[in-house]
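Visitor: Here it is, the structure in full.
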Amino acid sequence: MAQRVLFIGGKGIISTAAGKVALERGMDLTILNRGLDTSRALSSDIEQLRGDATDPESMRRAIGSREFDVVVNFHSFVPEQARADIELFAGRTGHYVYISSASAYQKPIEHLPITESTPLRNPYWRYSRDKIASEEVFTAAYRETAFPVTIVRPSHTYDETGVPILGGWTAVERMRRGLPIVVPGDGTSLWTLTHTRDFARAFVGLLGETRAVGEAVHITSDDSLTWNQISTLVARAAGVQEPELLHIASEAIARELPEDGPGLIGDKSNSVVFDNSKIKRLVPGWTATIPYREGVVEALEWYDSQASKPDPDADTDAGLDRLIAAHGPLRA
């Protein structure tokens, strides 16, 4: 009999790719979400349930009396949701997978590479602190009642629908217009980008794996690039051979663009290199195979193929101009 798998929130970057791999491997997949429109189409082979991951009663009504071999929650962000899922799925699944975040690892990072035993502490980003608190709820449930949880910590996982540089597609269009873009710090800190198809192959290999129960594991590429390299790869994929990269301190960026501040100071401005030995032991034969130099070409091809591709965002464009005017470049 095929594994019965429930994804809560199945239309995101990592969940869509994981769903495709799960179907390829013969799993019986059900997805619960709010039914929002998305550019990521779902296969007709997937059963869809309508429910709200932030509302335990809504999920209870949607699921009814069903049981699943594996439950994965891609849309759980606060400890209250963690406690509600433990109550809902205790005794109804053999394996529950919680999607946490590698941003939960200590900031600033004291040593590299990062392993699963690296301490969890992030005073800069509420999102990360809530993930840490949720992990603690699940860990306690495993220790006290044997709730069969595995914690998965993705880092920066991408697909073709976005680029990781400050300003996103607006920054791409700035480069194409001959305008500078902003790179945090001096651009030499290291960052790891993992293609969602690589992530999905390892992730689906964990589903139902009894050796992973009670464990935390991150899934990332083995490659780390500097932000200067990442920005240049984006530019060249966009047809700009010599982009103008202006380096501005992350703290200044956080002050001028406060919506970007927590994720920048609490994550992206820190060098990260991951030791993936654990996931490779749990999923033998897996390794990430898509380098960003290939993934970014795919992203720009997708972007340029869109009949109604997103226009440069005027507020983002103006924010970058203000940032450059206020702080001035430290040129590479």
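Visitor: Taking only DSSP H segments of four or more residues, each worth -39500 (n - 2.57), what value at 222 nm results for the chain once the sum is divided by all its residues, to the nearest 500 deg cm²/dmol?
Guide: After summing the helix terms and dividing by residue count, I get -11500 deg cm²/dmol.
Visitor: Another question, then. For the stretch 103-231, what D do you get in µm² per second when you plug the Kirkwood radius from alpha-carbon pairs into Stokes-Einstein at 10 °C and 1.306 mPa s?
Guide: Estimated via Stokes-Einstein, D reaches 94 µm²/s.
Visitor: Find out how many positive minus negative residues lie around Asp55, taking Lys and Arg as positive, Asp and Glu as negative, among other residues whose Cβ is under 10 Å from that of Asp55.
Guide: +1
Visitor: So for the chain: antiparallel DSSP bridges make up what percent, rounded to the nearest 5? Please list the in-between numbers first.
Guide: Numbers: 5 of 39 bridges.
Around 15 percent antiparallel, to the nearest 5.
Visitor: Among the listed pairs Lys20/Lys131; Lys131/Lys309; Lys20/Lys107, give every one whose C-alpha distance is greater than 31 Å.
Guide: Pairs exceeding the cut-off: Lys131/Lys309; Lys20/Lys107.
Visitor: If you project the alpha carbons of the chain onto their three principal axes, what span does each projection cover, largest first, in Å?
Guide: 59, 45, 39
Visitor: Give me the net charge of Gln229's neighbourhood, meaning all other residues with Cβ under 11 Å from the Cβ of Gln229; Lys, Arg count +1, Asp, Glu -1.
Guide: Here the count lands on +1.
Visitor: Can you bin the stretch 210-311 into rounded, prolate or oblate? Criterion: square roots of the alpha carbon gyration tensor eigenvalues sorted a ≥ b ≥ c, rounded for a/c under 1.5, prolate for a/b above b/c, oblate for the rest.
Guide: Note, shape of the stretch 210-311 comes out oblate.
Visitor: Quick one: angle between helix 13-24 and the longest Cα principal axis of the chain, in degrees between 0 and 90, rounded to 10, please.
Guide: That works out to roughly 50 degrees.
Visitor: Using Cα-only point scatterers and the Debye equation, what is log10 of I(q)/I(0) for the stretch 179-237 at each q in 0.14, 0.23, 0.29, 0.31 Å⁻¹, rounded to two decimals?
Guide: -0.57, -0.95, -1.20, -1.25
Visitor: Based on the mean of other Cβ atoms within 10 Å per residue, sort peptides 95-106, 114-125, 315-326 so the most packed one is first.
Guide: Going by the mean number of other Cβ atoms within 10 Å, highest first, we get 95-106, 114-125, 315-326.
Visitor: Here's a follow-up. Using the alpha-carbon atoms, what tilt in degrees (0 to 90, nearest 10) does helix 314-327 show relative to the longest principal axis of the chain?
Guide: Relative to the chain, helix 314-327 is tipped by roughly 60 degrees.
Visitor: Hey, another quick one. Compute the helix-to-body angle for 79-89: its Cα long axis versus the longest principal axis of the chain, expressed 0 to 90° and rounded to tens.
Guide: 30 degrees
Every read-out reported here was derived from the displayed coordinates using simple, explicitly stated rules and does not represent laboratory data. None of these values were measured; they are calculated from a predicted model. Neighbour counts run over all protein chains shown; Cβ positions are idealised from the backbone, glycine included.
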